[in-house]
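Read through the structure below, which is laid out as structure tokens, and then see the notes.
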Amino acid sequence: MGGAKRGGSASAALTRRVIELYGDVCWLQGPKCTYKATTKDHVIPFHEGGSDDLDNLRPACRSCNSWRRNQAMSGMAGGPVITVVIGPPAAGKSTYVRQNAGPMDVAIDLDEIARALMPVPPARTHVYPAHVRHVAIGARSTAIHRAKRLQVPCGVWIIHSMPSPSDLAEYRMLRYRIVTIDPGRETVQARANAERPEVMAQHVATWYDLIAPALAQTPTPGVAPPPPTPKPTPTPTEPEAAVTGTTTSGGWW
């Protein structure tokens, strides 16, 4: 994000140089993008140590620049590669993360957080008191906030079963890798009935009736694209398709 409070003629001149070098199309292209770049955006955010060198700057519209704030762009400039794992309850999201995350990666899983907060973890997963869930949700939110601002070359894995349209728009803009775990409604329903609290049956129905159709209509990027090559006036490009996977083990919904 550009340092708006460090403005003045020098900052305005630098913005003009960035637009002259890279073109006047916003490189972020978020949910409310105007496509017309009028500001400069830092690849590595200024407040996270990013410089004002031209190779760390890109053209952005004011809306996207403000939306991004100081969040990391996944897979760029030595920062984290952020993967969001989506799927219905009992699809196998936690297992997918355990099988694919590295030993030094960050994995954010609400069920694991809730269990860690209890002195004696319950025998069954996904079963804990409402007050523990309340605290766990707050801890998860804080963990995600910090993980999205890392400038460390690691993996970040976020389990997010039911993202909102706004969440998906932000994930697209920040070039997150999206993995959908869905072994099929019949399989998921059988697992939920056998392994999850009764309330999960309703969450399964909600996911297949509302979330899955929305995901099918929402293009998401698979991997971070290379930095734009300096050119006069580039044209907007569609994000890459989402990465889709399936697995057969249980996990947090």
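Taking the centroid of alpha carbons for each part, the stretch 109-139 and the stretch 165-198 are 20 Å apart.
By count of other Cβ within 10 Å, fewest leading, how are Arg115, Arg175 ordered?
Working: Arg115 18, Arg175 22.
Fewest-to-most ranking of Arg115, Arg175: Arg115, Arg175.
Label separation (Ala212 vs Thr142): 3.7 nm, computed from points 7 Å beyond Cα along the C-beta direction. Placing R0 at 35 angstrom, the Cβ-Cβ distance between Leu14 and Ala116 gives a FRET efficiency of 0.15 after rounding to 0.05.
Using a/c under 1.5 as the rounded threshold, could you call the stretch 89-193 rounded, prolate or oblate? The axes a ≥ b ≥ c are square roots of the C-alpha gyration tensor eigenvalues, and prolate needs a/b larger than b/c, oblate otherwise.
Details: a/c = 1.60, a/b = 1.18, b/c = 1.36.
Here the stretch 89-193 falls in the oblate category.
Computed about its Cα centre, the charge dipole of the stretch 4-68 is approximately 320 debye, with only Lys, Arg, Asp and Glu carrying charge at their Cβ.
None of the figures in this text is laboratory data; all of them are computed from the coordinates on show. Nothing here was measured: the structure is a model prediction, and the numbers come from that model. Reconstructed Cβ throughout: ideal geometry from the backbone, glycine too, with neighbour counts over all protein chains shown.
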